Amino acid sequence: MRMPLHITVDTFKHQVRNALKGHKRYPFVLMLEPLYTCNLACIGCSIERHTGKLKDRLPVAKCLQAVDDCGAPIVSICGGEPTIYPELPELISEIIRRKRHIYLCTNALLLDKKVFGKIPPHKRLTINVHLDGLRETHDYVCARDGVFDKAIEMMKEAKQRGYHLWANTTVFKETDIEEVEKLCALLKEIGVDGHLLSPGYQYESVKQDIFLTRKDTENKFRRVLAFADHYRLTSTPMFLEFAAGMRDYECSPWSTVTYTPLGWKGPCYLIGKQHFDTWEEFWNGVDWDYWESRQDDLCQNCSMHSGFEASVTRNLHKNPRDLARMVAWQFLG
């Protein structure tokens, strides 16, 4: 199976429950950023995500309140670098106790010191390692030599220890798609359980000219489509076609909500127009109709998974062929 059955079932139940309640919008994923502290300063990262002080991190109680308030079945723990968060074992244990699924998004540099032997493998825990290319490219993006080799070492050990393992790769303007395919082949050899390819989307606070225009995304992801079936990519076929310019969707910014040391970030993970203290202020204070429409200038080049994979799911019932493709992708992939 492409996605673990328990994640698929819980996500489906979540959609059914909300549909029965008549909810038009509801979160699928919580992006939980318990800290803005990192051990790297990658060139594609927004500045606040690697310059925060550890003392300003969120307490576990606030993190769990966010998990409870939004109700999303999946919690993506990111940051900053979450393995730096001192209370990570307690946080993960409590989220699992709430029967949520966790993606631990990490650069992998501290897995041996902070995760292995301290946080046991669990079916609800996925370690998601960020890799933006092979050795030279990844070390360049991370602005430090040796990061790629350490990450690969840690990924191999994670598999040996029984962790469910994903990789996540961002495609930037200068990314060589042939190199991306070689990375896919390497990760397949290691035995990763899934690999997410993401178009390089523009953070509002990042000014470097490394991100993709809509046309750049279409050109690169048409080439991705040529080899996508050969690897365990976790991007749905419909999303890949959207990224390649072959279909269109409205955005679903409410599907992936973000909680940070500054509060709930609105309207989305990329655009921080405002931060809200409480879930109610956030959920009722964002103009979802406006941001769904993608009419804002900041939305013109965005192809972020969190805004469009939910849109794919919401539209499956309209096209039996897409529904059949999704079933085949999940159960035969």
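The values are calculated or read from the model by the stated rules, or taken from the named source; none is laboratory data. Remember, it's a predicted structure, so these values are computed and weren't measured experimentally. When we count neighbours, we look across all protein chains shown, and the Cβ atoms used for this are built from the backbone with ideal geometry, even at glycine.
What the table below lists for this structure:
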quantity	calculated
Test: Asp193 is under 21 Å from Met1 (Cα atoms) and within 16 Å of the chain's Cα centre (by Cα)	yes
Test for Leu316: is it loosely packed, with under 15 Cβ neighbours inside 10 Å and touching a helix residue (DSSP H, G or I) at 6+ places or on another chain (Cβ under 7 Å)	no
Selection status of Thr175, touching a His at 6+ places or on another chain (Cβ under 8 Å) and modelled with pLDDT under 95	no
Boolean, Thr137 is touching a residue at least 40 places away in the same chain (Cβ under 8 Å), among the hydroxyl-bearing types (Ser, Thr, Tyr) and part of a helix (DSSP H, G or I)	yes
Condition check for Ile152: modelled with pLDDT of 95 or more, of a type in the set (Val, Ile, Thr) and over 20 Å from the mean Cα position of the chain (by Cα)	no
Pairs where the first residue, in segment 73-95, is over 25 Å from Lys13 (Cα atoms) and the second is aliphatic (A, V, I, L, M) and not in a strand (DSSP E or B), C-beta under 6 Å, 6+ apart	Gly79/Leu35; Gly80/Leu35; Thr83/Leu110; Tyr85/Leu35; Glu87/Val60; Pro89/Ile119; Glu90/Val60
Residue list for segment 84-93, filter: within 21 Å of Pro73 (Cβ to Cβ) and more than 21 Å from the chain's Cα centre (by Cα)	Glu90
Answer residue from segment 291-307, given it is in a helix (DSSP H, G or I) and at pLDDT 90 or above and is surrounded by the most Cβ atoms within 10 Å (Cβ to Cβ) among those	Trp291
Wholly enclosed helices (runs of 4 or more DSSP H) of segment 11-127 bearing at least 1 residues buried (at least 22 other Cβ atoms within 10 Å of the Cβ) and touching a Ser or Thr at 6+ places or on another chain (Cβ under 8 Å)	111-114
Residue count for segment 96-136, restricted to those that are more than 19 Å from the chain's Cα centre (by Cα) and over 23 Å from His14 (Cα atoms)	14
Filter result for the condition that a residue is among the aliphatic types (A, V, I, L, M), within 21 Å of His305 (Cβ to Cβ) and either assigned to a strand (DSSP E or B) or modelled with pLDDT of 95 or more (or both), over Leu186, Leu197	Leu197
